[in-house]
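The structure under discussion appears below in the form of structure tokens.
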Amino acid sequence: MVEPPRSTRLAILIPFFVVTLIWGSTWIVIRDQIGQVPPSWSVTYRFAVAGLVMLGWALAKRQPLRLDARGWRFAALLGLMQFVLNFNFVYRAEFYVTSGLVAVVFALLLVPNAILGRIFLGQQLGRQLLVGSAIAMAGVALLFIHEARQDPSATGNVLTGVAITFAGVLSASVANVMQATKTSRAYPMVPMLGTAMLLGAGMNALWAFVTAGSPTVEWRLGYFAGIAYLGIFASALAFTLYFGVIRVIGPAKAAYSSVLVPVIAMLLSTLFEGYRWSALAAAGALLALAGLVVALRARRPNR
């Protein structure tokens, strides 16, 4: 009897879809966080909450919290790439473009994950993965043209938003590939992630203080509820599940969750942000998703 691929087992599919549903909703929550509070402080609060939850979880599971020098270096780099650079770029991108468009661009995480996986993990690229990625990029280009046509005077803003999002994608991709390395597997995931999140919160706080001044909060129930949701569900829970999937099936296949995230995000953007669809925008979104599905259907897209 032929054993099914690891990527189709329930132990992978269930966390895969839970992460997709959670992250599909986070873009609209992040959008609500932007306003009175500088983005760097909102990111700081989010990962302070997430890190404390993770370390509390580790203590409940009686997992050791101590790290050696190599572990501290790994946690610091993971915190910088995933919880500082990535999220600061994402929060700032939403100053310029809708959350749905940011989600669509972020769906291309598949591409750098596959390329970096080839360079650092020796995973070969399948032809179908490359073809699908090219189709997806063409779809993102159509979405950019749609945004530019909606308000020609805002073309610079759209370009800026897309560029900032790509910077976030690259930062996240480095962190994704780190999770598939032998160094990552040498440490229990929960305390490692908790430490990385708290280190990331500390770096975010330092950056926020230097660039935006003293800590500020928005005394609004929705803001605090958003911090709790992003910290507990979208960070502590989702990253634990997602990085667990990466350790089993690799960073390229794990990034296929991004196929569904933009669909959820753009539907929410339509409902709550007044995103207006056109034939060009619909074609771009479908083309981007179709390209990623082409890559997903490859027999061995990243082996």
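The values are calculated or read from the model by the stated rules, or taken from the named source; none is laboratory data. Everything quoted here is computed from the prediction, not taken from an experiment. Please note: Cβ atoms are built from the backbone with ideal geometry, for glycine as well, and neighbour counts cover all protein chains shown. Remember, those area values only see protein heavy atoms, side chains included, never the ligands or the DNA or RNA. Shrake-Rupley method; radii C 1.70, N 1.55, O 1.52, S 1.80 Å.
Does F106 count as surrounded by fewer than 17 Cβ atoms within 10 Å (Cβ to Cβ) and in contact (Cβ under 8 Å) with a residue 24 or more places away in the chain? Considered against the rule, which asks whether it is surrounded by fewer than 17 Cβ atoms within 10 Å (Cβ to Cβ) and in contact (Cβ under 8 Å) with a residue 24 or more places away in the chain, F106 comes out as no.
When segment 206-218 is filtered for residues that are within 18 Å of V29 (Cβ to Cβ) and of a type in the set (A, V, I, L, M, F, W, C), only V217 remains. Taking segment 1-97 and the helices (runs of 4 or more DSSP H) fully enclosed by it, the elements with 2 or more residues that are within 19 Å of G231 (Cα to Cα), open to solvent by less than 60 Å² (accessible area, probe 1.4 Å) and aromatic (F, W, Y) are at 10-33, 39-60, 86-93.
Of the residues that make up segment 247-261, is at least one open to solvent by 60 Å² or more (accessible area, probe 1.4 Å) and either assigned to a helix (DSSP H, G or I) or in contact with a Cys (Cβ under 6 Å, 6 or more places away or on another chain) (or both)? Scanning segment 247-261 turns up no residue that is open to solvent by 60 Å² or more (accessible area, probe 1.4 Å) and either assigned to a helix (DSSP H, G or I) or in contact with a Cys (Cβ under 6 Å, 6 or more places away or on another chain) (or both).
Looking at segment 132-150, is at least one residue among the hydroxyl-bearing types (S, T, Y), closer than 21 Å to A281 by Cα, open to solvent by less than 50 Å² (accessible area, probe 1.4 Å) and at pLDDT below 90? Yes; the residues of segment 132-150 include at least one that is among the hydroxyl-bearing types (S, T, Y), closer than 21 Å to A281 by Cα, open to solvent by less than 50 Å² (accessible area, probe 1.4 Å) and at pLDDT below 90. In segment 165-186, the residues that are more than 28 Å from S40 (Cα to Cα) form Cβ pairs under 6 Å with partners that are at pLDDT 90 or above, at six or more places apart or across chains, as follows: T183/F74.
Scanning segment 198-218 for residues that are part of a helix (DSSP H, G or I), polar (S, T, N, Q) and open to solvent by 10 Å² or more (accessible area, probe 1.4 Å) yields a single hit, T211. Screening the candidates T195, T183 for the property of being of a type in the set (S, T, N, Q), under 18 Å from G79 (Cα atoms) and surrounded by fewer than 18 Cβ atoms within 10 Å (Cβ to Cβ) yields one hit, T183.
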